[in-house]
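First up is the structure itself, then whatever we jot down about it.
Only the coordinates and a few stated rules stand behind these numbers; no lab work does. Here the structure is a predicted model, which is why all the values come from computation and not from measurement. Note that each Cβ is placed from the backbone with ideal geometry, even for glycine, and that neighbours are counted across all protein chains shown.
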């Protein structure tokens, strides 16, 4: 479905650019619709815990993967189109005419996915508030980060620390990413309204542009580190596969997430106990029917 939406968005961006139309001026309500759809889909999405299936564990359920890829792809496209348009301290790579219109319209399409993913995550976090704890850094964030990446880069004196589901380095980056996303959305709203109806003083808009660009650069740094440590280093490939398929091997959990493994076992035991309880409660009914 979202591949279809992306294709429709890209085609629309091209057609509108050919006629000299800016989507930020003509279709800006769709950005607010993206936020609403993110909230709506999150409210109707069922979440799943770390279910063990033979020799693998469900690490990222469908909702987590939807959040990750809509937000991630939207972010990457925003960064590329933003750099082409120029930021606070770099010149624009597209100068005028149709290339600018097209880049702006593609920036709009990327913003749609970015906003959908952001508000999906926001609503899902509110609904499943307990999941937020897994993303918050602990007092071990510095020592674990040094050990973890020293180990990943092959330094023999470093050993894998007892990491939980998310590494401490990821948790610290998470806080920076959340702050940057918040700044991007707030300043982006002002920029969109400036295209549509709202007239703001030039000084205010100048500040909005600077904050927007700085937040974008922080997101770029976060994305580069995320891609390098999450997809390029061979040791991280099972994690990338998990974000695509949802599953990671049980051996990988034991080896790289020793702090998460007890939680996985506890969830599985609770799930088994719940299933047995339902089965036991149903047995008297079946017996009565058999006696009749």
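Brief remarks on what is shown
- Helix 2-18 vs. the chain, principal-axis angle (Cα, 0 to 90°, nearest 10): 0
- FRET E, pair residue 265, residue 232, Förster distance 35 Å, beta-carbon r, rounded to 0.05: 0.65
- Listed values (1) 54; (2) 66; (3) 49, entry calculated as percent of Cα pairs over 26 Å apart: (1)
- Acute angle (nearest 10 degrees) that the helix 98-127 long axis makes with the longest principal axis of the chain, alpha-carbon atoms: 30
- Each label point was placed 7 Å from the Cα along the Cα-to-Cβ direction; for residue 209 and residue 138 their separation is 4.6 nm.
- Fewest-first ranking of 138, 125, using other Cβ atoms within 10 Å as the exposure measure: 138, 125
- Extension reserve of the residue 225-residue 158 stretch, reckoned as 0.36 nm per residue once the Cα distance is removed: 22.1 nm
- Look at where the Cα atoms of region 58-105 and of region 219-252 average out, and the two centres are 21 Å apart.
- Residue 15 versus residue 195: modelled label distance in nm, points set 7 Å from Cα along the beta carbon direction: 1.8
- Were the residues from residue 51 through residue 131 laid out at 0.36 nm apart, the gain over their Cα-Cα distance would be 27.2 nm.
- Residue order, fewest to most beta carbons within 10 Å, for 70, 26: 26, 70
- Alpha carbon centroid spacing (whole Å) that separates region 109-147 from region 1-56: 19
- The sum of -39500 (n - 2.57) across all DSSP H runs of n ≥ 4, divided by the residue count of the chain, sets its helix-only mean residue ellipticity at 222 nm to -24000 deg cm²/dmol.
- Tilt relative to the chain, helix 29-43 - C-alpha long axis, 0 to 90 degrees, to 10: 10
- With a cut-off of 12 Å on the backbone N, the residues of region 93-133 near the modelled label site 7 Å out from residue 83 along Cα-Cβ are 93.
- Distance between modelled label sites at residue 186 and residue 249, nm, 7 Å Cα→Cβ extension: 4.6
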